[in-house]
Amino acid sequence: MPVPASIPSPRSLSVLLFAGFVRRIPWAESAWAPDIARALVSRGHRVEICVDGCDDTDTFRDLPLIVHRPHRKHFGAEPFAFRTFARRLRRQRPDSVTLSLTPIICGDVWLPIDRRSRDIARDLFTMHHPFAALLELSHHPWLIHELLAERRALQEAPRHRVQPLSIGPHAPGSSLRSLGYAARIEPLTADARDHARRTTRERLGIGAADTVLLLSATHMQHRAATALMQAFATLTRSATPSRAFSLASPPLPAARPQLKIIATGRYAHTLDRCARAAGVADLVIHAGSHVDMRPLLAASDAAVAAFGDEGLGTGRFVSEAIRAGLPVVAHQHAPGADLADSGLHKPGVVVSGHTPEAWLAGLGKLVDPQWMLDAKAAATKAGADLTIDRVVERLESYLIGALR
């Protein structure tokens, strides 16, 4: 991802950046690794990246890269081998400050963005019957090793006072300190946005006067999706054109404007079942998981962040929606939900609980023209700070401080 030109740092650093397995998929937390590296380079630092493996080395184009195991697959972790390799490389780079983005290696500055093995293990045993969980565990043979490696990393302190950091939210009581939120993409603006809005709606069969909600279903949860779709169905029956569509362009005489959802994510079949059960399947458009979010943001009037677990994720979707000037309806546990409820003038609304009534109260804000205007104005103002460069500027102070 291109990073805007930055003001050079007053002190140039040599940074050795460690990451685990970097995936080239839009929702992967590991995708922050090349973004952070490029932002550091744009600020005048020398960055060398070491990863255990990656889907595509082209992700790190024009960046110095060391791949520990070039043929590693996603489910082929060997954490202790990577830790040994990392220690050896650190000894060979005594003048570099180490930035670790993986929970199995403690760096001079530690920003563990990869999902922790303890969270994976917890999900296995809370989302499945015990016997099914054991079967699932057989597909994660490295999990016990990663749990041990993460525990070893917590016991290390290569330089005085290692402060674990995070991007976005973190769980209550966590020792992590947040660097803030950031969007990974820059939204389209002016004529490019207008063109993308028009052409994207035409390709998806969406009317120019329809009100469109962009739903991130990457971390889809069945119970939450059921409640959301039931609320959406009620809203489509009760909303009138004069209320729901007064912010859109004048409707075409032959077509009554509609409320529609564009959904992105991996679990389209599960979301579709929930939509069919609620009777709104014809109003939900599945855009897929490997998509360019910029034209979808341009084509939408608001964003919905319905899924997530407290303290997990980086809030990328909410950040990108707000940076694109979209009001956000977010569940309280969705990453980035606190952004929707921040400031004197709020860019969104937070939904508490997964019930149709709670979701209807949140979605109902979207048919209030004045609320939409106020929320859009607040989003435009708040979005100015949601950049990778702002996050890396804060990270930079920790990197400089680690050498003192």
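Take the alpha-carbon centre of region 15-66, take the same for region 78-92, and report the distance between them in whole Å. Their Cα centres are 17 Å away from one another. The accessible-area ordering, largest first, of the residues Arg198, Arg151 stands as Arg151, Arg198, per a 1.4 angstrom probe.
Shown here for region 51-99: trypsin sites (Lys or Arg not before Pro) in loop regions (DSSP other than H, G, I, E, B) with at most 14 other Cβ atoms within 10 Å, namely Arg61, Lys73. Stretched out straight at 0.36 nm per residue, the stretch from Lys73 to Arg87 would grow longer than its current Cα-Cα span by 2.8 nm.
Each residue was assigned an accessible area with a 1.4 Å probe, and for Leu204 the value is about 60 Å². For the pair Gln370 and Ser12, label points projected 7 Å from Cα toward Cβ lie 5.7 nm apart. Mind jotting down the distance between the C-alpha centroids of region 389-404 and region 310-382, whole Å? About 29 Å separates the Cα centre of region 310-382 from the one of region 389-404.
In this structure, Lys381 and Ser352 have a Cβ-Cβ separation that, at R0 = 22 Å, corresponds to a calculated FRET efficiency of about 0.30. The portion of the accessible surface of region 300-404 made up by carbon and sulfur, rounded to a whole percent, is 53 (1.4 Å probe; DNA, RNA and ligands excluded).
Among the chymotrypsin sites (Phe, Trp or Tyr not before Pro) found in region 9-75, those both in a DSSP coil and sparsely packed, with 14 or fewer other Cβ atoms within 10 Å of their Cβ, are Phe75.
Within a straight-line Cα-Cα reach of under 13 Å, Lys346 can be paired with the following aspartates and glutamates, leaving aside sequence neighbours fewer than 8 residues apart in one chain: Asp338, Asp374.
Charge tally around Ala278: other residues with Cβ under 15 Å, Lys/Arg +1 each, Asp/Glu -1 each, net +2.
Extension gain, Asp58-Arg24: 0.36 nm per intervening residue step, less the Cα-Cα distance, totals 11.3 nm.
Multiply the residue gap between Asp191 and Gln155 by 0.36 nm, knock off their C-alpha separation, and tell me the result in nm, one decimal place.
Once the chain is fully extended between Asp191 and Gln155, it gains 7.6 nm.
The values are calculated or read from the model by the stated rules, or taken from the named source; none is laboratory data. Please read these numbers as outputs of a predicted model, since none were measured by experiment. All Cβ positions, glycine included, derive from the backbone under ideal geometry; neighbour counts span all protein chains shown. Note: accessible area is taken over every heavy atom of the protein model, side chains too, but ligands, DNA and RNA are not part of it. Shrake-Rupley method; radii C 1.70, N 1.55, O 1.52, S 1.80 Å.
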